[in-house]
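Q: My structure is below; once you've seen it, I'll send some questions.
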Amino acid sequence: MRKNIVAGNWKMNTTLNEGVGLAKDVNEALKNVDAKCDVVICVPFTHLYPVAQVIDPAKLGLGAENCADHTKGAYTGEVSASMVVSTGATYVILGHSERRQYYGETAEILKQKVNLALENNLTPIFCIGEVLEQRENGTYLDVVKAQIEDALFDLSAEDFSKLVLAYEPVWAIGTGKTATDDQAQEMHAFIRKVIEDKYGKEVAENTSILYGGSCKPSNAKALFAKPDVDGGLIGGASLDAESFMGIVTAF
Ligand code: 13P
């Protein structure tokens, strides 16, 4: 059975002290709840190792927000998948729309990153999603299908089943404009069908598909109640322990 997951994506926020404090707060809060989902925080590279020292890995997973598309060597400023693993992290967000949009990440680059993440036993949280224009002109399903096919469909079924997917409509990210629970369900069911057509029903049924984009405590319950929505990838609301926990406890 697929897992329910709530993952925070801190993006480029918090200094080291602030980040360690926030991780401690989330870790503490988790001691007092019987979470019905796996909980993960994805934090800036600088924070990975220090955060790993203050969280209980049995209760709170740790991930990076990106990794390099090369193994090692002369790539100044890059951080490899093996470096990420060496901090204690077990997840990595890949293909976030901000990376595609601002840093030119293409399907080819993302293929490399996914392969390297998997080789290093990191669980990729692979992001897909359309922009507003594509939502409005009705091409959004085709766009998302192509994003999945182009970056992921060279994987074996065994490797594909190690992925977590996150549907993040770009028009909903950081805008306060959430997809309705019906819009999310339509897309998540479609994504599951795309997976089923390629890898079969079992792989499709076992793939966790998270929703991301202005998810907050007030809308998480309705979103997570949808049969194909298996949790959330949370930006802004993950920067405050109380609001993040409000989403974790929406399951
Ligand atoms: P917000 O929750 O801030 O809209 O961000 C969503 C996101 O991009 C998570 O990866």
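Q: Exactly one of (1) touching a residue at least 40 places away in the same chain (Cβ under 8 Å); (2) under 18 Å from ASN120 (Cα atoms); (3) open to solvent by less than 50 Å² (accessible area, probe 1.4 Å); (4) not basic (Lys, Arg) is unmet by VAL79. Its number?
A: Failing condition for VAL79: (1).
Q: From the set of residues in the stretch 1-18 that are more than 16 Å from the ligand (Cβ to nearest atom) and not β-branched (Val, Ile, Thr), which is surrounded by the fewest Cβ atoms within 10 Å (Cβ to Cβ)?
A: Going through the qualifying residues, I end up with MET1.
Q: Starting from the stretch 7-18, keep only residues that are more than 15 Å from GLY236 (Cα to Cα), then list their pairs with residues that are not aromatic (Phe, Trp, Tyr) whose Cβ atoms are within a distance under 7 Å, requiring at least 6 positions of separation or different chains.
A: Sorted first by the residue in the stretch 7-18, then by its partner, the pairs are LEU16/THR46; LEU16/HIS47; LEU16/PRO50.
Q: A further question on this structure: Which one is most open to solvent (accessible area, probe 1.4 Å) among residues in the stretch 159-196 that are away from the ligand (no atom under 16 Å from the Cβ) and among the aromatic types (Phe, Trp, Tyr)?
A: Out of the qualifying residues, it is PHE190.
Q: Looking at the stretch 155-181, which of its residues are of a type in the set (Asp, Glu) and in contact (Cβ under 8 Å) with a residue 40 or more places away in the chain?
A: ASP159, GLU168, ASP181
Q: Within the stretch 91-111, can you find the residues that are within 13 Å of the ligand (Cβ to nearest atom), open to solvent by 20 Å² or more (accessible area, probe 1.4 Å) and within 15 Å of VAL79 (Cα to Cα)?
A: Selection gives TYR91, ARG99.
Q: For the stretch 45-71, what are the residues that are outside any strand (DSSP E or B) and surrounded by 19 or more Cβ atoms within 10 Å (Cβ to Cβ)?
A: Passing the criteria: HIS47, LEU48, VAL51, ILE55, LEU60, GLU65, ASN66, CYS67, ALA68, ASP69.
The values are calculated or read from the model by the stated rules, or taken from the named source; none is laboratory data. For clarity, every value in this text was computed on a predicted model and none was experimentally measured. Quick reminder, even Gly has a Cβ in these numbers, built from the backbone with ideal geometry, and neighbours come from all protein chains shown. These area figures cover heavy atoms from the full protein model, side chains too; ligands, DNA and RNA do not enter into them. Shrake-Rupley method; radii C 1.70, N 1.55, O 1.52, S 1.80 Å.
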